[in-house]
1. Just need the relative contact order of the chain here, percent rounded to a whole number, with Cα pairs under 8 Å and 6+ apart.
2. Considering the zone a paramagnetic label at Phe390 would reach in this model (a point 7 Å from Cα along the Cα-to-Cβ line), which residues of region 338-373 have amide N under 13 Å from it?
3. Rounded to the nearest 500, what is the chain's calculated 222 nm mean residue ellipticity when only DSSP H runs of at least 4 contribute -39500 (n - 2.57) each, over all residues?
4. At 7 Å along the Cα-to-beta-carbon direction for both Thr43 and Glu375, put a label point, then send me their distance in nm to one decimal.
5. Starting from region 268-371, pick out the GluC sites (Glu not before Pro) whose DSSP state is loop and whose Cβ has at most 14 other Cβ atoms within 10 Å.
6. Return Lys396, Lys175, Lys87 ranked ascending by Cβ neighbour count within 10 Å, so the fewest neighbours appear first.
7. Below 17 Å Cα-Cα, how many Lys pairs turn up in the chain? Only count pairs eight or more apart in sequence, or on different chains, if you could.
8. Relative contact order for region 179-328: what percent, with Cα pairs under 8 Å and sequence separation of 6 or more?
Amino acid sequence: MRRYHRQVFRARRLACALLTASVAITGLATLARARPSATPLATKPAWMSNIEAAIGNRAVSVAIGPDGDLWFHHLAYVRRPPASNEKLLLSMALLQRYRPSRTIRTNASAAAKPGPHGVVRGDLWIMGHGDPGIDGSRIIALARAIRDAGVRHVRGSVMGNTGPFARDWWARGWKDYFPADYIPLPTALTYQENTDRHGVHISDPERRAATKLTARLRSLGISVRRKPGMGHAPTGLRPIAQIVSPPLQDLIRRMDLRSRNFWAEVLGKYLGAAEWGRGTIANGARAIERFTNTHGQDFTAYDSSGLSYADRANARGILELLWDADGSSWATTLRDALPTGGRGTLEDRLTDVRIRAKTGTLDDVSALSGWVWLEKTGGWVEFSILSSGFNEWTAKKIEDRIVRIVSFHASAPP
C-alpha cells in the first residue's frame, strides 16, 4: 500500500481514538499549556524560499515531493491547460490498460485466402488498427509477408481501409489553423505520419499506402490488375498477412521524446476505441478522463495531444498521478519514455541536471512534469510545474530554475 494511502487510514483511526479519549486529551492539553513548547516552529528551508523568489507574482503552479510526501506546493490546485503534459496522462492511461510489450497489427486481408495458384479474387485490403509509424519500410515488410503467404496475383485492387477509426480532425479548444500546421489527420491506417514529402498534411493516407504496396508487390513479381484506392472495407475479410508495430513502450517513447501530436491523437483514438467502442478524438480524451477520474483527479480533456486550450489539469493532481505511477509495474517504462536534459524537447535545456520530464508549450502556456534526481540525498523526486497567462519562454526559465534548485539543494523538510 502506498505511503500516502496509509496516512489516510491512520488519520481515520486517530480521529476515532480522539473521540473516545476526549477527557484524557483535554487533561493533557491543560498540562501542555502550563509548560513551554518542546518543539520550536520549523523554519522554511532556503531552497523553498528560492523557489518562491523564482516564481515571484507570476501565475505558476508547483507541486514537489516523493512518494506521497508533499514537500512544496504553490497554487497547486489551480486548474490550467496542461499543454503537452496531456501526452504524459495519455502515456499513463495506455500503460495502465496495456502491457508495455503490446504491439499494434496492420493486416493485408481479402474476402478469401489465395487459391492454389496464389490468386486473390477481388481486392486486397490494408487494414490499419492505429499504428502511427507506418512508412515505406513497413509497407515493404508487408509486401514480403504477402509474398511469403503465397500470393502471386491480385485480380482486383490494393485498397486502403478508411476505418475503423472515425476521420474526425478537430477538438474543442483547438485553433483553426491546427489541422493544417500542427496535427495531421489521425487515422487507423497511417502512412508517413500522414504528410507528403513537402510536409503538407494529407487527407488520403490510405490511398498512398495502397499505392506504395501496389508498386512493391509488382516489384516482387506479384501482379495487381487494377489501380490502388481507398474506401471502407467490407465485413467478413480474412487476414492473409500482417506486420506488427514496435512494442507500445517504444511508441510511447517516440511520442513523448519529441512530443509528437499526430502520434498522440492516433494512440488516443486507439485507446478510445478500446474504452468506448469507436476511435475518435473525443473518445480518446474520454479515456484519459476515465483514467484520471479513477485515480481521484478532476481533470478536463478534449484531446490526447494537449493542443486544446480547453484542457485542464492541476499540478497537485499530476504529482499524485506520478506517485501512483511510481508504485506501478510500469513506472520505469514511463520514466524512461520521457526526455532527459539535452534530448528531445529538452534539447537545449537542463543538460546539467539528471531529469526525466514531459514538457508542454502553447501560446502563454508552459508545463514541465516528471522526475528529478536529488544530488544531496540521492533518489528521484516527483514534481509538476504548470504556468499560464504570460510568455511561455519566461515560464521555461522559471521551470529550469525550479528544477535546478530541487536537484542541487532540496531535501526533506524538517
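1. Reported relative contact order: 22 percent.
2. Hits in region 338-373 for Phe390 at 13 Å: 364-366.
3. After summing the helix terms and dividing by the residues of the chain, the value is -12500 deg cm²/dmol.
4. Each label point lies 7 Å from its Cα, and together they span 2.3 nm.
5. Glu347
6. Ranked by crowding around the Cβ, least crowded first: Lys175, Lys396, Lys87.
7. Working: Lys87/Lys269; Lys87/Lys358; Lys212/Lys227; Lys358/Lys396; Lys358/Lys397.
Number of lysine pairs found: 5.
8. Working: 158 pairs, mean separation 21.0, N = 150.
With pairs under 8 Å counted, the relative contact order is 14 percent.
Since every read-out is calculated from the coordinates, none of them should be taken as a lab result. Just so it is clear, the structure is predicted and the values come from calculations on it, not from any experiment. Note that we place each Cβ from the backbone using ideal geometry, even for glycine, and neighbour counts take in every protein chain shown.
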